[in-house]
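Below is one structure; the comments refer to it alone.
The values are calculated or read from the model by the stated rules, or taken from the named source; none is laboratory data. Because the structure is a prediction, the values reported are computed rather than measured. Note that each Cβ is placed from the backbone with ideal geometry, even for glycine, and that neighbours are counted across all protein chains shown. SASA here: full protein model, heavy atoms, side chains in, ligands and nucleic acids out. Shrake-Rupley method; radii C 1.70, N 1.55, O 1.52, S 1.80 Å.
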Amino acid sequence: VAPYERPALSKAYLFPEGAARLPGFHVCVGSGGERLLPEWYKEKGIQLILSTEIVKADLPAKTLVSAAGETFKYQILIIATGSTVIRLTDFGVEGADSKNIFYLREIDDADKLLEAIKAKKNGKAVIVGGGYIGLELAAVMKINNFDVTMVYPEPWCMPRLFTPDIAAFYEEYYANKGVKIIKGTVAVGFTSDSNGEVKEVKLKDGRALEADIVVVGVGGRPLTTLFKGQVEEEKGGIKTDAFFKTSVPNVYAVGDLATFPLKLYNELRRVEHVDHARKSAEQAVKAIKASEEGKSVDEYDYLPYFYSRSFDLSWQFYGDNVGDTVLFGDSNPKSQKAKFGSYWIKDGKVVGAFLEGGTAEENQAIAKVAKLQPSVQSLEAVKHEGLSF
């Protein structure tokens, strides 16, 4: 299919009513841009070649070879292969190849999961992982009237971003919705019935959970295999400069697999998020165009941004989650409309800001705070001021 926005797959695509479908979420509609239908590419003189896998890239010869043996020559190459999911079969987990164990990355994955949701109506779902996919899928399976259990090894959900205080709100909110949460253990095996369909999830702590559907969300890894040994790599991705140029002339890398200089924090980072995928692509194209015209463009100056939506909740985070934290607002999961946030303060400056239940203006305000990094005299004062800070 023509390029589409993945975030829809773990949210509205799986809703029992009013579900999102293509062509509704072709790029870049999620950021208020044009919806790029297949016709759009034709109109713009862009050749869109679908159902074609590139199996070999020869950067010195500037050629790509497809699985069907076709050769493509290029003058400029933009690598935008993204990431792939980490599968439990990669680690030889017993029974991990049983039927009805799902991963969510492509539209095909979502379609297969939808079929299973219909086939196993009101059944039991086990979600393995407590990050984005885990939290969003647990919510969506509950909305589909499944009996849902989440399992993850960490002491709280979304540990890469959430503080224990923030996580406590979501865990209790989910529990109030009827989602069972098992922390501090992992899935070590699966048993299946005579049809090869998953029946039980075996946990490291000895427990076994009944399951009709299992969804695994344990992370992704950048798809760099095609270019191994041909470009410089760093932090698991392809190393680029502030214009997304790689170590090879006329080769650029954008999105999940680019390790780029994050100007705001003066360090190299790789960011897995749709917002950076869009913006890095835009920067690379601007840089290519400028160099052809003998002009220059500003260096990429990115403010890290993450968000999620599940049930009636919606949070946004901007900046860096390092330093001391201050929780403010109403973080009672039983509140009619909970609204709370957190600031991260390092070296006397606000470096990150998180907000649940914010309006568009309030979300813009926390983004501004994370970008400007204002000084803070006392944590107590910031806590007291909260959103009005």
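For this structure, a couple of remarks:
- Aspartates and glutamates with Cα under 14 Å of K263, excluding same-chain neighbours fewer than 8 positions away: D241, D298, E299, D301, D320
- Nearby lysines by direct alpha-carbon distance to K295 (threshold 18 angstrom, same-chain neighbours under 8 apart not counted): K245, K286
- Accessible surface of the stretch 305-385, 1.4 Å probe, proportion on carbon and sulfur as whole %: 47
- Out-of-range pairs (alpha-carbon distance over 23 Å; input K120/K142; K112/K334; K124/K180): K112/K334
- Over the residues of the chain, the helix contribution to mean residue ellipticity at 222 nm works out to -6500 deg cm²/dmol, using -39500 (n - 2.57) for each DSSP H run of at least 4.
- Pair-distance profile P(r), taking every C-alpha pair of the stretch 211-300, with 10 angstrom steps and integer %: 16, 45, 25, 8, 4, 1, 0
- Shape parameters for the chain, alpha-carbon atoms, Rg then Dmax in Å: 22.3, 66
- Applying the criteria of a DSSP loop state and at most 10 other Cβ atoms within 10 Å to the trypsin sites (Lys or Arg not before Pro) of the stretch 314-389 yields K334, K337.
- Cα centroid separation, the stretch 90-141 to the stretch 8-24 (Å): 16
- Accessible surface of the stretch 185-272 [probe 1.4 Å, protein heavy atoms]: carbon and sulfur percent: 47
- Shape of the stretch 280-357, Cα gyration tensor, a/c cut at 1.5: oblate
- Near the amide H of L262, within less than 5 Å, lie the amide hydrogens of E267, L268, R269, all on another chain or at least 5 residues away, with H placed in the peptide plane.
- Phi to ³J(HN,Hα) by Karplus 6.51 cos²θ - 1.76 cosθ + 1.60 over the stretch 201-217, Hz, x for Gly, Pro: 10, 8, 9, 4, 7, x, 6, 10, 10, 5, 8, 9, 9, 10, 10, 9, x
- Per residue value of the accessible surface for the chain (all protein chains in place, 1.4 Å probe), Å²: 50
- 3J(HN,Hα) along the stretch 182-189, derived from phi through the Karplus expression 6.51 cos²θ - 1.76 cosθ + 1.60 where θ = phi - 60°, amounts to 10, 10, x, 8, 10, 7, 10, x Hz, with x in place of Gly and Pro.
- Kyte-Doolittle mean at least 0.5, axial Cα span of 15 Å or more - DSSP H helices of the chain: 132-143
- For the stretch 267-371, GluC sites (Glu not before Pro) meeting the loop criterion (DSSP other than H, G, I, E, B) and having at most 15 other Cβ atoms within 10 Å: E293, E299.
- Subset of K177/K204; K289/K371; K121/K199; K44/K289 violating a 18 Å alpha-carbon distance limit: K177/K204; K289/K371
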